[in-house]
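Step one of this worksheet: look at the structure below.
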Amino acid sequence: MRTPLAWLRRNLVVIAGLGTLAYMILPNVVVTVFSFNNPSGRFNYAWQEFSLDAWKDPCGVADMCGSLGLSLQIALWSTLAATALGTAIAFALVRYRFRARGAVNSLIFLPMAMPEIVMAASLLALFLNMGIQLGFWTILIAHIMFCLSFVVAAVKARVLSMDPRLEEAARDLYAGPVQTFVRVTLPIAAPGIAAGALLSFALSFDDFIITNFNSGNTVTFPMFVWGSAQRGTPVQINVIGTAMFVIAVLVVLAGQMVGNRRKKAQPK
(Lines give C-alpha, C1' and ligand atoms only; values in the text may rest on other atoms or scores of the structure.)
Protein backbone atom coordinates (compact mmCIF):
# COMPACT_ATOMS: atom_id res chain seq x y z
CA MET A 1 0.00 0.00 0.00
CA ARG A 2 1.15 3.51 -0.78
CA THR A 3 1.53 5.55 2.38
CA PRO A 4 0.94 9.33 2.53
CA LEU A 5 4.65 9.82 3.21
CA ALA A 6 5.60 7.96 0.02
CA TRP A 7 3.10 10.04 -1.98
CA LEU A 8 4.55 13.22 -0.47
CA ARG A 9 8.10 12.22 -1.38
CA ARG A 10 7.07 11.40 -4.94
CA ASN A 11 5.24 14.70 -5.45
CA LEU A 12 7.36 17.01 -3.28
CA VAL A 13 8.90 18.85 -6.22
CA VAL A 14 5.49 19.44 -7.83
CA ILE A 15 4.01 20.67 -4.55
CA ALA A 16 6.95 23.01 -3.97
CA GLY A 17 6.64 24.36 -7.52
CA LEU A 18 2.90 24.98 -7.21
CA GLY A 19 3.41 26.63 -3.84
CA THR A 20 6.08 28.93 -5.22
CA LEU A 21 3.90 29.80 -8.21
CA ALA A 22 0.96 30.60 -5.93
CA TYR A 23 3.21 32.75 -3.72
CA MET A 24 4.34 34.74 -6.77
CA ILE A 25 0.86 35.17 -8.27
CA LEU A 26 -0.96 36.02 -5.02
CA PRO A 27 0.03 39.75 -5.00
CA ASN A 28 -1.23 40.11 -8.58
CA VAL A 29 -4.52 38.48 -7.59
CA VAL A 30 -4.90 40.96 -4.70
CA VAL A 31 -4.18 43.90 -7.03
CA THR A 32 -6.72 42.60 -9.53
CA VAL A 33 -9.44 42.09 -6.90
CA PHE A 34 -8.98 45.56 -5.43
CA SER A 35 -9.16 47.15 -8.88
CA PHE A 36 -12.92 46.49 -8.62
CA ASN A 37 -13.20 48.02 -5.16
CA ASN A 38 -15.02 51.21 -4.21
CA PRO A 39 -13.17 52.41 -1.08
CA SER A 40 -14.88 54.78 1.32
CA GLY A 41 -11.70 56.75 2.04
CA ARG A 42 -8.47 57.70 0.31
CA PHE A 43 -6.74 54.35 0.76
CA ASN A 44 -7.65 51.24 -1.20
CA TYR A 45 -6.58 48.74 1.46
CA ALA A 46 -9.92 47.35 2.71
CA TRP A 47 -12.70 45.85 0.60
CA GLN A 48 -15.90 47.90 0.61
CA GLU A 49 -18.07 47.08 -2.41
CA PHE A 50 -17.82 45.97 -6.02
CA SER A 51 -17.53 48.78 -8.56
CA LEU A 52 -16.44 49.30 -12.18
CA ASP A 53 -15.95 53.07 -11.81
CA ALA A 54 -12.15 52.86 -11.88
CA TRP A 55 -12.19 50.67 -15.02
CA LYS A 56 -14.56 53.08 -16.75
CA ASP A 57 -12.26 56.03 -16.03
CA PRO A 58 -8.66 54.75 -15.67
CA CYS A 59 -7.25 58.25 -16.20
CA GLY A 60 -9.53 59.85 -13.63
CA VAL A 61 -6.59 60.68 -11.35
CA ALA A 62 -4.67 63.80 -12.30
CA ASP A 63 -1.20 63.23 -13.84
CA MET A 64 -1.39 59.44 -13.55
CA CYS A 65 -1.77 58.66 -17.26
CA GLY A 66 0.87 61.26 -18.05
CA SER A 67 3.38 59.50 -15.81
CA LEU A 68 2.30 56.15 -17.26
CA GLY A 69 2.91 57.38 -20.81
CA LEU A 70 6.32 58.70 -19.79
CA SER A 71 7.28 55.35 -18.24
CA LEU A 72 6.16 53.49 -21.36
CA GLN A 73 8.14 55.87 -23.55
CA ILE A 74 11.31 55.51 -21.48
CA ALA A 75 10.90 51.73 -21.31
CA LEU A 76 10.42 51.49 -25.08
CA TRP A 77 13.46 53.59 -26.02
CA SER A 78 15.71 52.03 -23.40
CA THR A 79 14.64 48.56 -24.56
CA LEU A 80 15.43 49.33 -28.19
CA ALA A 81 18.84 50.81 -27.34
CA ALA A 82 19.78 48.14 -24.79
CA THR A 83 18.66 45.32 -27.09
CA ALA A 84 20.67 46.62 -30.05
CA LEU A 85 23.81 47.27 -28.01
CA GLY A 86 23.43 44.14 -25.88
CA THR A 87 23.02 41.87 -28.91
CA ALA A 88 26.13 43.29 -30.55
CA ILE A 89 28.13 42.95 -27.32
CA ALA A 90 26.95 39.37 -26.77
CA PHE A 91 28.05 38.32 -30.27
CA ALA A 92 31.37 40.07 -29.81
CA LEU A 93 32.06 38.35 -26.48
CA VAL A 94 31.21 34.91 -27.85
CA ARG A 95 32.54 35.02 -31.40
CA TYR A 96 35.68 37.15 -31.16
CA ARG A 97 38.90 37.13 -29.15
CA PHE A 98 40.40 40.49 -28.22
CA ARG A 99 42.48 42.07 -25.52
CA ALA A 100 40.78 42.68 -22.16
CA ARG A 101 37.91 40.40 -23.22
CA GLY A 102 37.68 38.98 -19.70
CA ALA A 103 37.66 42.44 -18.15
CA VAL A 104 34.93 43.62 -20.51
CA ASN A 105 32.89 40.52 -19.72
CA SER A 106 33.19 41.21 -15.99
CA LEU A 107 32.34 44.90 -16.34
CA ILE A 108 29.26 44.12 -18.43
CA PHE A 109 27.82 41.92 -15.70
CA LEU A 110 28.84 44.22 -12.85
CA PRO A 111 25.52 46.18 -12.84
CA MET A 112 23.64 42.91 -12.25
CA ALA A 113 25.62 42.26 -9.06
CA MET A 114 25.80 45.85 -7.87
CA PRO A 115 23.07 47.16 -5.51
CA GLU A 116 20.75 49.55 -7.34
CA ILE A 117 21.27 52.33 -4.83
CA VAL A 118 25.03 52.26 -5.47
CA MET A 119 24.51 52.58 -9.22
CA ALA A 120 21.88 55.28 -8.69
CA ALA A 121 24.19 57.39 -6.51
CA SER A 122 27.11 56.87 -8.92
CA LEU A 123 25.07 57.97 -11.94
CA LEU A 124 23.74 60.97 -10.04
CA ALA A 125 27.28 62.06 -9.16
CA LEU A 126 28.35 61.59 -12.79
CA PHE A 127 25.48 63.66 -14.18
CA LEU A 128 25.99 66.47 -11.65
CA ASN A 129 29.74 66.65 -12.25
CA MET A 130 29.15 66.79 -16.01
CA GLY A 131 26.58 69.56 -15.55
CA ILE A 132 23.76 67.53 -17.14
CA GLN A 133 20.27 68.59 -16.12
CA LEU A 134 18.32 65.79 -14.51
CA GLY A 135 15.20 64.72 -16.36
CA PHE A 136 14.04 62.50 -19.21
CA TRP A 137 17.46 62.00 -20.81
CA THR A 138 19.28 61.14 -17.58
CA ILE A 139 16.59 58.56 -16.77
CA LEU A 140 16.90 57.09 -20.25
CA ILE A 141 20.71 56.86 -20.07
CA ALA A 142 20.53 55.24 -16.63
CA HIS A 143 17.94 52.70 -17.77
CA ILE A 144 19.94 51.75 -20.84
CA MET A 145 22.98 51.20 -18.65
CA PHE A 146 21.42 48.76 -16.20
CA CYS A 147 19.21 47.02 -18.81
CA LEU A 148 22.24 46.34 -21.01
CA SER A 149 23.64 43.66 -18.71
CA PHE A 150 20.42 41.64 -18.71
CA VAL A 151 20.18 41.73 -22.50
CA VAL A 152 23.79 40.59 -22.85
CA ALA A 153 23.17 37.71 -20.44
CA ALA A 154 20.08 36.50 -22.32
CA VAL A 155 21.56 36.82 -25.82
CA LYS A 156 24.95 35.43 -24.83
CA ALA A 157 23.36 32.26 -23.46
CA ARG A 158 21.52 31.78 -26.75
CA VAL A 159 24.58 32.44 -28.90
CA LEU A 160 26.66 29.96 -26.90
CA SER A 161 24.10 27.23 -27.64
CA MET A 162 24.07 27.88 -31.39
CA ASP A 163 25.48 25.23 -33.72
CA PRO A 164 28.22 26.89 -35.85
CA ARG A 165 27.80 24.19 -38.49
CA LEU A 166 24.52 25.78 -39.59
CA GLU A 167 26.29 29.00 -40.53
CA GLU A 168 29.08 27.03 -42.20
CA ALA A 169 26.48 25.18 -44.26
CA ALA A 170 24.95 28.48 -45.34
CA ARG A 171 28.36 29.78 -46.45
CA ASP A 172 29.00 26.53 -48.32
CA LEU A 173 25.79 27.24 -50.24
CA TYR A 174 27.26 30.59 -51.33
CA ALA A 175 25.36 32.77 -48.85
CA GLY A 176 27.09 36.06 -48.10
CA PRO A 177 27.82 37.33 -44.59
CA VAL A 178 24.72 39.53 -44.50
CA GLN A 179 22.47 36.83 -45.93
CA THR A 180 23.85 34.26 -43.49
CA PHE A 181 23.22 36.56 -40.56
CA VAL A 182 19.69 37.49 -41.65
CA ARG A 183 18.56 34.03 -42.80
CA VAL A 184 20.38 31.77 -40.32
CA THR A 185 22.03 33.51 -37.35
CA LEU A 186 19.33 36.04 -36.47
CA PRO A 187 16.37 33.59 -36.49
CA ILE A 188 18.27 31.20 -34.22
CA ALA A 189 19.27 34.00 -31.82
CA ALA A 190 15.80 35.59 -31.95
CA PRO A 191 14.41 33.85 -28.81
CA GLY A 192 17.32 35.10 -26.72
CA ILE A 193 17.01 38.60 -28.16
CA ALA A 194 13.26 38.63 -27.50
CA ALA A 195 13.77 37.40 -23.94
CA GLY A 196 16.35 40.12 -23.30
CA ALA A 197 14.07 42.78 -24.79
CA LEU A 198 11.07 41.73 -22.69
CA LEU A 199 13.18 41.61 -19.54
CA SER A 200 14.66 45.00 -20.34
CA PHE A 201 11.22 46.54 -20.87
CA ALA A 202 9.88 45.12 -17.61
CA LEU A 203 12.90 46.27 -15.59
CA SER A 204 12.83 49.76 -17.08
CA PHE A 205 9.10 50.26 -16.62
CA ASP A 206 9.21 49.01 -13.03
CA ASP A 207 12.38 50.74 -11.83
CA PHE A 208 12.11 53.19 -8.94
CA ILE A 209 15.44 53.53 -7.11
CA ILE A 210 17.66 54.55 -10.03
CA THR A 211 14.87 56.66 -11.52
CA ASN A 212 14.23 58.47 -8.24
CA PHE A 213 17.89 59.50 -7.96
CA ASN A 214 18.22 60.76 -11.54
CA SER A 215 14.77 62.08 -12.44
CA GLY A 216 14.88 65.66 -11.24
CA ASN A 217 11.31 66.95 -11.53
CA THR A 218 10.27 64.20 -13.95
CA VAL A 219 7.69 61.79 -12.54
CA THR A 220 7.41 58.26 -13.89
CA PHE A 221 4.61 55.83 -13.04
CA PRO A 222 6.49 54.02 -10.20
CA MET A 223 7.32 57.40 -8.67
CA PHE A 224 3.68 58.45 -9.01
CA VAL A 225 2.59 55.28 -7.20
CA TRP A 226 5.11 55.90 -4.43
CA GLY A 227 3.96 59.50 -4.04
CA SER A 228 0.30 58.47 -4.04
CA ALA A 229 0.93 55.96 -1.26
CA GLN A 230 1.87 58.85 1.02
CA ARG A 231 -1.51 60.60 0.72
CA GLY A 232 -3.90 57.99 -0.69
CA THR A 233 -3.94 55.17 -3.23
CA PRO A 234 -6.50 55.59 -6.00
CA VAL A 235 -8.12 52.46 -7.40
CA GLN A 236 -6.88 53.40 -10.87
CA ILE A 237 -3.39 52.32 -9.82
CA ASN A 238 -4.72 48.79 -9.38
CA VAL A 239 -6.43 49.05 -12.77
CA ILE A 240 -3.16 49.94 -14.50
CA GLY A 241 -1.31 47.20 -12.61
CA THR A 242 -3.92 44.62 -13.58
CA ALA A 243 -3.83 45.68 -17.22
CA MET A 244 -0.03 45.44 -17.35
CA PHE A 245 -0.13 42.00 -15.72
CA VAL A 246 -2.72 40.71 -18.20
CA ILE A 247 -0.75 42.09 -21.15
CA ALA A 248 2.45 40.43 -19.89
CA VAL A 249 0.67 37.08 -19.49
CA LEU A 250 -0.81 37.35 -22.99
CA VAL A 251 2.61 38.11 -24.47
CA VAL A 252 4.13 35.07 -22.76
CA LEU A 253 1.26 32.83 -23.89
CA ALA A 254 1.55 34.13 -27.44
CA GLY A 255 5.28 33.38 -27.42
CA GLN A 256 4.62 29.87 -26.15
CA MET A 257 2.01 29.26 -28.87
CA VAL A 258 4.34 30.50 -31.62
CA GLY A 259 7.15 28.31 -30.28
CA ASN A 260 4.92 25.24 -30.15
CA ARG A 261 3.70 25.81 -33.70
CA ARG A 262 7.26 26.11 -34.98
CA LYS A 263 8.21 22.86 -33.25
CA LYS A 264 5.24 21.07 -34.79
CA ALA A 265 6.05 22.50 -38.22
CA GLN A 266 9.65 21.25 -38.13
CA PRO A 267 10.19 17.98 -40.02
CA LYS A 268 10.93 14.99 -37.80
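The values are calculated or read from the model by the stated rules, or taken from the named source; none is laboratory data. These figures come from a predicted structure and were not determined experimentally. A quick note on method: Cβ atoms are made from the backbone with ideal geometry, for glycine too, and the neighbour counts reach across all protein chains shown. When the accessible area is computed, the model is the full protein with side chains, heavy atoms only, and any ligands, DNA or RNA have been set aside. Shrake-Rupley method; radii C 1.70, N 1.55, O 1.52, S 1.80 Å.
Entry comment: accessible area of the chain is 64 Å² per residue, from protein heavy atoms only and a probe of 1.4 Å. Projected label points at residue 250 and residue 38, each 7 Å from Cα along the beta carbon direction, are separated by 2.7 nanometres. Cα centroids of the range 230-255 and the range 1-42: 19 Å apart. Stretching the chain fully between residue 9 and residue 129 yields a gain of 37.2 nm (0.36 nm per residue, less the alpha carbon separation). Extension gain for residue 264 to residue 73 (0.36 nm times residue separation, less C-alpha to C-alpha distance): 65.1 nm. Counting only cysteine Cβ atoms and a cutoff under 4.7 Å, the chain contains unmatched residues 147. When peptides 217-223, 162-168 are sorted by average Cβ neighbour count within 10 Å, with the highest value leading, the order is 217-223, 162-168.
Given a cut-off of under 8 Å on Cα pairs at least six residues apart, what relative contact order in percent is computed for the range 113-246? Across the range 113-246, relative contact order equals 38 percent. Karplus-derived 3J(HN,Hα) values for the range 228-240, using 6.51 cos²θ - 1.76 cosθ + 1.60 with θ = phi - 60°, are 5, 5, 6, 10, x, 10, x, 5, 4, 4, 5, 5, 5 Hz; glycine and proline are entered as x. Using the rule -39500 (n - 2.57) for each DSSP H run of four or more residues, divided by the residues of the chain, the 222 nm mean residue ellipticity is -24500 deg cm²/dmol. Stretching residue 190 away from residue 217 to a fully extended chain increases their span by 6.0 nm, per 0.36 nm per residue minus the current alpha-carbon distance.
A simple count of charges around residue 256, restricted to other residues whose Cβ falls under 13 Å of its Cβ and scoring Lys, Arg +1 and Asp, Glu -1, yields +4. 3J(HN,Hα) couplings calculated from phi for the range 181-190 with the Karplus curve 6.51 cos²θ - 1.76 cosθ + 1.60 (θ = phi - 60°) are, in sequence order, 5, 6, 8, 10, 5, 4, x, 6, 7, 4 Hz; Gly and Pro show x. Between residue 230 and residue 110, the simple label model (points 7 Å from Cα in the Cβ direction) yields a spacing of 3.3 nm.
All other residues whose Cβ lies under 13 angstrom from that of residue 173 are scored, Lys and Arg at +1 and Asp and Glu at -1, for a net of 0.
Toward the positive end of the charge dipole of the range 112-268, with +1 on the Cβ of Lys and Arg and -1 on the Cβ of Asp and Glu, the farthest Cα among 177, 113, 200 is that of 177. Each of the peptides 152-160, 133-141, 257-265 was scored by the mean count of other Cβ atoms within 10 Å over its residues; in descending order, highest first, they stand as 152-160, 133-141, 257-265.
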